[in-house]
Amino acid sequence: MTALSVPEAAACVCAPIGSACAAGQRADAVFVGRVTDLTGGVQFEVERAVAGVALGRVTVGNSSGTCGLNFTVGDRYVVYAYRDRTGTLVTNMCTRTRPLSDPRTRADITYFDRRERNEAGSLLTGVVSDVTVDLSAAPSTARHLAGIRIAVSPETDAGAVTTTTTRDDGSYEFAGLPPGRMRIFASLPPSFEPAQARIAVIDDANGCVEADIAGRIDGRIRGQLLGEDGRPARGIAVQLADATVARGGASPIRTMTTLTDEEGVYEFRYVNVGRYVVGVGMDNAIRSGKLNRRRFFPNSSSVEAATVVTLSAAQRIELAAFRLAPLPSVRTITVVVHAPSDDVAAATALFLTGAQRERVEHGDAPLALTLPFGALFLIEATAPPGYKTIQPSMIRIERDDTDRVVEFRIER
């Protein structure tokens, strides 16, 4: 399985929003309006009043934090608002409030039209989108698919088929379907993974049902990962990144991740058209003074020397073996003791603690310690009698610290 890796962020947790019919019945106010100001709440000029408000100006509160919506002055929205304990209208990300430019609002507008005409019959709507991850963009966005044939039939009678095609914005619509379980099938382009039928349940003869359909381009990149010793590396996370982004120095970068199997084999699925680099450790940020553990296909520790893999639509590529380039095994930690005299510097006791604490012999010159990566160490200095060590008297060497100088100061 391939996973997408992105920086962690807090998110608003919402219950299922429900269809336009259900939301319209629950909301205290429903309208289409243009944002005129963001002072003291969101100021709207109501252009179409559906329920709970009149044409003109209305103020709606916007939830704070991650549940708040990002409104833009001048943009038009379909708004579903609810009254709080004070009677103030409020909306948030957990409602059906959306920009009017969102193709999903087609369902809302159709529902409003049918409501005004008191038109009977069910409404089945949805949006067909290409959700293949775009690693060159952050965040990746869905691309709506126009001209896709949609076929709907009762689950128990596949011969009774009704068809339509998606609009320019990927939306589709069926009206007046009978109640029951309906089978929905989208004829996606050949470059996409084989489409699976969806089942939508129409419970109410006059209700709304939504069935969005997501497709992914089925590009694949496969190979085998070998350790530094040339043997298959199992259970290792391998990442795929956009070559331009990776070479641009971004840290961290957006990646797809998969694990190697028992034979060290990895495979990325649903990869979009693009130019990529394959590596390990790319999900780790590059930090100054820390060992860079990123390594790249076919055998490099530099992204600039990595082979760029170019993938066309739905192409399947088998790469040569990816052997991990060796990383530095040791680093040099230089210890400097600043003291009133060379004799006092030489008499200062230095201790190194790794698996155990031991005294390190030294003179008055800087001391070079060769320490392995991957292990934690403590270096401490104890002043001779009559003198004191100015803080800090103990310095920590982290597992990935690269070559560095540590200094202690001794005073009377």
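If I model a spin label at Arg83 and Thr66 as a point 7 Å from the Cα along the Cα→Cβ vector, what separation in nanometres do I get?
Spacing of the two 7 Å Cα→Cβ label points: 3.2 nm.
Above 18 Å lies some portion of the pair distances; for region 278-360, what is it as a whole percent of all C-alpha pairs?
65
What number comes out for the charge environment of Leu55, summing +1 per Lys or Arg and -1 per Asp or Glu over other residues with Cβ under 15 Å away?
Values: positive: Arg34, Arg48, Arg57, Arg76; negative: Glu45, Glu47, Glu116.
Value of the local net charge: +1.
Would you mind checking the tilt of helix 105-116 against the longest principal axis of the Cα atoms of the chain, expressed as 0 to 90 degrees and rounded to 10?
Tilt relative to the chain: about 30 degrees.
Grab the DSSP H runs of the chain that are 4 residues or longer, score each as -39,500 (n - 2.57), total them, divide by all residues and round the 222 nm result to the nearest 500 deg cm²/dmol.
After summing the helix terms and dividing by residue count, I get -2000 deg cm²/dmol.
Taking the simple approach of a point 7 Å from Cα along Cα-to-Cβ for both Leu55 and Val360, what is their distance in nm?
Once both label points are built, they end up 8.2 nm from each other.
Which one, Val42, Val273, Val337, has the greatest fluctuation when you compute a Gaussian network model over the chain with C-alpha springs under 10 angstrom?
Of the options given, Val337 has the highest mean-square fluctuation.
Send over the per residue convex hull volume for region 120-215, Cα only, as a whole number of Å³.
For region 120-215, the hull spanned by Cα atoms encloses 101 Å³ per residue.
Between Arg287 and Leu376, what is the label-to-label distance in nm when each label sits 7 Å out along the Cα-to-Cβ direction?
Modelled inter-label distance: 1.3 nm.
Taking all pairs of distinct Cα atoms, average 1/r, flip it, and tell me the Kirkwood hydrodynamic radius of the chain in Å to one decimal place. Intermediate results must be reported in sequence, preceding the final value.
Values: mean 1/r = 0.0373 Å⁻¹.
Final number for the Kirkwood radius of the chain is 26.8 Å.
At each listed q (0.15, 0.26, 0.32 Å⁻¹), what is the log10 of I(q)/I(0) that the Debye formula gives for region 274-315 modelled as equal alpha-carbon point scatterers?
Debye intensities relative to I(0), on a log10 scale: -0.42, -0.89, -1.09.
Starting from 0.36 nm per residue, how many nanometres of slack lie between Ile17 and Asn118 once their C-alpha separation is accounted for?
34.0 nm
Could you compute the longest span of the chain free of GluC sites (Glu not before Pro) located in DSSP loops and having at most 15 other Cβ atoms within 10 Å, not counting the site residues?
With GluC sites (Glu not before Pro) excluded where exposed in loops, the chain gives 9-118 as its longest stretch.
Picking from Cys94, Cys12, Cys21, which is most flexible by a Gaussian network model of the chain using Cα springs under 10 Å?
Maximum among the listed residues: Cys12.
With a 10 Å cut-off between alpha carbons and a GNM built on the chain, which of Val309, Val161, Val46 moves the most?
Maximum among the listed residues: Val161.
Stretch Arg275-Leu259 to full length: gain in nm at 0.36 nm per residue minus the Cα-Cα span?
3.7 nm is the gain from fully extending Arg275 to Leu259.
With charges set only on the Cβ (+1 for Lys and Arg, -1 for Asp and Glu), what does the dipole of the chain come to about its Cα centre, in debye to the nearest 20?
Computed charge dipole of the chain: roughly 280 debye.
Going by the alpha-carbon gyration tensor, a ≥ b ≥ c the square roots of its eigenvalues, is region 219-323 rounded (a/c under 1.5) or, if a/c is not under 1.5, prolate (a/b greater than b/c) versus oblate?
Note, shape of region 219-323 comes out oblate.
Give me the base-10 log of I(q)/I(0) for region 9-56 at each q in 0.14, 0.17 Å⁻¹, Debye formula, one uniform scatterer per Cα, rounded to two decimals.
Those come out to -0.49, -0.68, one per q.
With viscosity set to 0.692 mPa s at 37 °C, what whole-number translational diffusion coefficient in µm²/s follows for region 51-197 from Stokes-Einstein and a Kirkwood radius over Cα pairs?
Rounded, D is 181 µm²/s.
So if I average 1/r over every pair of distinct C-alpha atoms in region 16-99 and take the inverse, what Kirkwood radius in Å does that give?
Result for region 16-99, one decimal place: 12.6 Å.
Counting DSSP beta bridges with both partners in the chain, what percentage is antiparallel, nearest 5?
85
To the nearest 0.05, what FRET efficiency results for Arg234 and Thr402 with a Förster distance of 30 Å applied to their C-beta separation?
After rounding, the FRET efficiency stands at 0.55.
Answer with one residue from Thr258, Ala186, Val73: the one whose Cα lies farthest towards the positive end of the charge dipole of the chain, charges on Cβ with Lys, Arg +1 and Asp, Glu -1.
The listed residue farthest towards the positive side: Val73.
Between Ala137 and Thr165, 0.36 nm times their residue separation minus their Cα-Cα distance comes to what?
7.2 nm
Taken together, the values in this text are just the output of simple stated rules run on the coordinates, not laboratory data. Computed from a predicted structure; not experimentally measured. Cβ atoms come from the backbone with ideal geometry, glycine included; neighbour counts cover every protein chain shown.
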